[in-house]
Amino acid sequence: MRIDATQRGWAWLTLGIFLVSGGVYVLYAVNAPAGPRGGSVIGLAFGIVGFAFMIFAALLGARKRVPTWRLGRAQAWMRGHLWLGLLSLPLILFHGGFHFGGTLTRVLMWLLLITVASGLFGAVLQHYVPRMMTADVPLETIYDEIGNVRRSLREEADHAVEALCGSLGFVKRDTAEELRAGGFTALRPIAASSVPLRTSAAVSAGASAAVAAAPEVVLLNAEQSAPLTRFYLQEMRLFLEEPLRRGQRLGDAEKAKSAFAALRTLLPAAAQYTLLELEEICDEARQLLRQERLQRWLHGWLLVHIPLSLALILLGAVHVVMALRY
Amino acid sequence: MSTSATNAGLVELTIDGKLVQVPSGTTVYDAARVHGIAIPTLCHLQNQTPVGVCRLCVVDTGARVLSAACVRPVEPGMKVSTNSEKVLAARKMLLELLMADHPSPCARQEHSGDCELETLAKAAGVGTPRFPRRTVLRGADNSSLAIAVDHDACILCDRCIRGCDEIKSNFVLGRMGKGYSTGIAFDLNSPMGDSTCISCGECMVSCPTGALTNKGVVGTAIAAGRDAQSLTAEELHKLPVFAGVSGTFLELNRGAILKRLYRKGEVICREGEFGSTAFYILEGKAQVAIATPIAHVKTQGGAQGFFKQLASVLVGREQDKREEEARDRTIPIDASVDLSYGNPVAELAPGDLFGEMTCMNFYPRSATVRAESDVVAFEMLRNVLDIMMKNKTFRAQIEQNYRRRALETHLRGVPMFAELSPDFIEHLKESVELVRYAPGQVIARQGDAADSFYLVRIGFVKISEEYPGGELVLAYLSRGDYFGEIGLLGGGVRTATCTALDHVEVVKISGDDFRQMVERFPNVRAGLEAVAAERRAANAQRMQMVHSVPIEQFLAQGLMEAQSLLILDLQKCTRCDACVNACADAHDGVTRLVREGLRFENFLVATSCRQCRDPLCMVGCPVGAIRRRNSLEVIIEDWCIGCGLCAQNCPYGNINLHPFETMAEDPAHAGRCKAVVQQKATSCDLCTHLKEPSCVYACPHDAAHRVDPRKFFAGMMSSGPKP
């Protein structure tokens, strides 16, 4: 989510609550004979309000499980989660008088600090990473489909190379094409972009106007096709199969550009179009790799944030029972 | 097409002493025909424009010369004699002259014995002609693979030319030469095999003699199988329904019509399957049904929705209807009956035709037909059905069945007609005309005088309006829909062009009957006027949108065809799929949107129904399951049979087929049900059961929005994005 001008209202509210509670705390701390304590009336009040904010923030998970229930827009819940969750930190600090206390409360304070910190980290990521993904991955696809798209790219590359160099044993000639009724298609951006538009397994008719007609492909002899065959078998196919493997120059845009430039000088004119196709396939594969990495950043922090926040709520409830009863 | 009568009044005349009354503009030939008086003819066919060249249909109208009945319009007080001595003598002379140049017996007479010229000559008592045979032969043309041309047998009746032009719109045939060397020609007198002729056979079927005959090289045949029998033309002619059908045609298309026996319980055809044949029941009874509509459950989300959903599951269909189901709905199928939504089962009996749309337009089978007893049926291909439907006997029987069984349901299916009295319905059932249109044929043109109200019986009709720069499609109508009321209620002028998209048959209610109806039933008038006003307002709004489109570059992408786009702001979207999950949650676990599609700068146009102005998805649905309400959203009804046509037609991939579990009758164990998986088409319905689309409501990052593309993109181009 973007932290933008539309969140101004929440920001002001949060700031206002913080300032008011801060003022109350200062007055309370200065005047308290034994210093600020969690068990005092004001301390308890801070604790209750702070815990209530934490519970509201935790309920976002439950709210997401019933997306169509009309319990308030998900956007409002998310903003509440962000700002009230953030507010819970100073309120709990005020509650404890900035003391971490015994074992349980110490654990709770650290849990709270890490949870809020991870939440802030996540908010920052969700502010910047979508923009990075939009700019860096114009050929973005659905995350769960990356494997399928990668396989389609590999098949397309196999076809292109075998059409030029002869059979390499990859393409099964009698495979029947299946057509699905309906189904989504990955389409190209229609605004001008630096990524050259091309035809691939991922392009639908919507972008056909932007694609030039392919020239006729001529079969090269063994000597002519050797550089390409070697490059494809030793580098490109491995990159398409295992993009995360270390040391692959095709994983770097500049290095890939140099590699293809060098190949261009070694191959005859008849192979140039195929080479261009392969270069674009590599580019798309790199984009998928980039998308995977950014996606992990975008959601990976939740692996820390969610378990810790659940632990925080549970232990917080234990603390409430313990503190009030004993 | 035969000459149509205008509605400007009736004319009284006498034909062979019989006083008859016909609408003004009717020809003498048609006036005689409708009153059972047969006039022989060679150049006239009911479905072609009459030209009066053979002069065989001459009648005595009391004028100085005999008149060709097929082109002579009736006049008040006319006294017509069709069989006076003078007339009979003229006909006999004509026949004798024609036979003098005719290579008797011609190929048709030899093959099937039904050359019309030789048959008429024999009936008129023409023996060996007194006149010498022609010495200049016009020759033969065997260049075509399918059709043999014998110019010497041609009597220049012009039927083949009119068949090629008017019926098939191929415009290959014409006349060439003068005087005695006149003949028919293909293109610029090329051999038929070298011409642009597509061998459709219409000329051959239209030819009354052996001038154009099928060479029998190109054969069409349905796969035979067991219990299938191919009949000869002679055997078929013994059946009343084949009376009048060209014997040449039947003989040379033996493989295109088979007599089949279906044992009790055997499935004749299954819903959703593609096919190319129609069935005509000779004996026995068959059950026609749609297997298990999914449910009448209204899918709803939310805590309130759960209880409503539960109640909907528990109560019966009649107690739980959607708001717009104020009347009983029927499911239109490709037979002479429609199915009740509450109990989608009906019976077909001898004389019933089913599978017409599948045969003519290659749509999927709309229902499952199973033999209730041993059934004997004809299965025929399109070329045979086409000819049969032109045959008066067969057509009359089909029309009679339709009028008896389905017409009233269709008439009552028009919401406003529900209030018509039974006697008026009976009057309409007898007075309406069933008219057929070929694909692409204009039924009514914008600006023409409005003289009829139409109800669609089969096929699809496109309603469009012209504007400077193009044509805007307003709607696609299918079986059970109606049109023509705006012109009749308004200024008497058509406000849109109605075109047959495929083989269409309409129920045509004359302007007089329509005016009588609205005068006698004021509520009907009020209802029709309300619908007309709604349609006019919607059309005006669409036209206004077309005129104010500012962004040409989006036209090519089809975005401006959309009325509602789901766009995702990619700079806010965290790819959490909350929108997709919410959509699935609101629709029985099946999402109607895919978070992928066209991109424009930082916006993604998700793959989700665009509520297009030109809803191509609606064309071809065999059961009318995909439709649009009076607002934007396109909905797919429960009785969708999963044929997938709408999914194929959607150019954006926004309709998908999904398997659903449901219960169906177990054919192996009568009376028991078993769980089956049934395919159904799904598409975004804008969550009309909720106030806001679930995807937009559930997005935690303010990234998903449903926008009017015209306003959204225009605003963005001028001053930045305003979702």
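The values are calculated or read from the model by the stated rules, or taken from the named source; none is laboratory data. Since we're looking at a predicted model, the values are computed, not measured. Don't worry about glycine lacking a Cβ; one is built from the backbone with ideal geometry, like all the others, and counts go over all protein chains shown. Surface areas here come from the heavy atoms of the whole protein model, side chains and all, with no ligands, DNA or RNA. Shrake-Rupley method; radii C 1.70, N 1.55, O 1.52, S 1.80 Å.
Some observations on this one:
- Checked against the criterion of being within 14 Å of chain B (Cβ to nearest Cβ) and either of a type outside the set (S, T, N, Q) or closer than 24 Å to A:MET54 by Cβ (or both), the candidates A:LEU314, A:LEU310, A:LEU302 yield just one match: A:LEU302.
- Residue ID - surrounded by the fewest Cβ atoms within 10 Å (Cβ to Cβ), chosen from residues in the stretch A:79-97 that are more than 14 Å from chain B (Cβ to nearest Cβ) and free of Cβ contacts under 8 Å to residues at least 40 places away in the same chain: A:LEU93
Residue-wise test of (1) open to solvent by 20 Å² or more (accessible area, probe 1.4 Å); (2) within 10 Å of chain A (Cβ to nearest Cβ); (3) under 32 Å from the mean Cα position of the chain (by Cα).
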position	(1), (2), (3)
B:LEU657	yes, yes, yes
B:THR662	no, no, no
B:VAL676	yes, no, no
B:GLU692	yes, yes, no
B:ALA698	no, yes, no
B:ALA703	no, yes, no
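- Residue in the stretch B:503-512 that is closer than 22 Å to B:LEU407 by Cβ and either touching a Cys at 6+ places or on another chain (Cβ under 7 Å) or among the polar types (S, T, N, Q) (or both) present: yes
- Condition met for B:VAL623 (within 30 Å of B:ASP481 (Cβ to Cβ) and open to solvent by less than 30 Å² (accessible area, probe 1.4 Å)): yes
- Residue within the stretch A:71-78 that is open to solvent by less than 40 Å² (accessible area, probe 1.4 Å) and touching a Ser or Thr at 6+ places or on another chain (Cβ under 7 Å) present: no
- Positions within the stretch A:98-135 being β-branched (Val, Ile, Thr), open to solvent by 60 Å² or more (accessible area, probe 1.4 Å) and either within 14 Å of another protein chain (Cβ to nearest Cβ) or farther than 30 Å from A:ARG290 by Cα (or both), in sequence order: A:THR103, A:VAL107, A:VAL124
- Checking each residue in the stretch B:581-593 for being open to solvent by 30 Å² or more (accessible area, probe 1.4 Å), modelled with pLDDT of 85 or more, more than 9 Å from chain A (Cβ to nearest Cβ) and touching a Ser or Thr at 6+ places or on another chain (Cβ under 9 Å) picks out B:THR591, B:ARG592.
- Hits in the stretch B:62-98 - residues which are assigned to a loop (DSSP other than H, G, I, E, B) and free of Cβ contacts under 8 Å to residues at least 12 places away in the same chain: B:ALA63, B:ARG64, B:VAL65
- Hits in the stretch A:155-169 - residues which are open to solvent by less than 50 Å² (accessible area, probe 1.4 Å) and assigned to a helix (DSSP H, G or I): A:GLU156, A:ALA157, A:ASP158, A:ALA160, A:VAL161, A:GLU162, A:LEU164, A:CYS165
- Picking from residues in the stretch B:125-147 that are in contact with a helix residue (DSSP H, G or I) (Cβ under 7 Å, 6 or more places away or on another chain) and crowded, with 18+ Cβ neighbours inside 10 Å, the one that is nearest to B:LYS215 (Cα to Cα) is B:ILE147.
- Checking each residue in the stretch B:8-51 for being of a type in the set (A, V, I, L, M), within 29 Å of the chain's Cα centre (by Cα) and either assigned to a strand (DSSP E or B) or surrounded by 14 or more Cβ atoms within 10 Å (Cβ to Cβ) (or both) picks out B:VAL22, B:ALA31, B:LEU45, B:VAL51.
- Residues being crowded, with 21+ Cβ neighbours inside 10 Å and free of Cβ contacts under 8 Å to residues at least 60 places away in the same chain - total across the stretch B:253-292: 0
- Checked against (1) open to solvent by 50 Å² or more (accessible area, probe 1.4 Å); (2) within 18 Å of the chain's Cα centre (by Cα), A:LYS255 meets all criteria but (2).
- Selection within the stretch B:400-458: residues that are among the polar types (S, T, N, Q) and crowded, with 18+ Cβ neighbours inside 10 Å. The member of this set that is modelled with the highest pLDDT is B:SER452.
- Selection within the stretch B:192-214 - loosely packed, with under 15 Cβ neighbours inside 10 Å and part of a loop (DSSP other than H, G, I, E, B): B:THR196, B:ILE198
- Of all residues making up the stretch A:1-29, the number that are among the aromatic types (Phe, Trp, Tyr), open to solvent by 50 Å² or more (accessible area, probe 1.4 Å) and away from every other protein chain (no Cβ under 14 Å): 2
- Residue in the stretch B:594-609 that is within 28 Å of A:ALA135 (Cβ to Cβ) and away from chain A (no Cβ under 11 Å) present: no
- Residue ID - farthest from the other protein chains (Cβ to nearest Cβ), chosen from residues in the stretch A:61-70 that are in contact with a Leu (Cβ under 9 Å, 6 or more places away or on another chain) and open to solvent by less than 30 Å² (accessible area, probe 1.4 Å): A:ARG63
- Taking the criterion of being outside any helix (DSSP H, G or I) and either open to solvent by 70 Å² or more (accessible area, probe 1.4 Å) or closer than 27 Å to A:LEU120 by Cα (or both), the only residue of the stretch A:258-305 that qualifies is A:TRP301.
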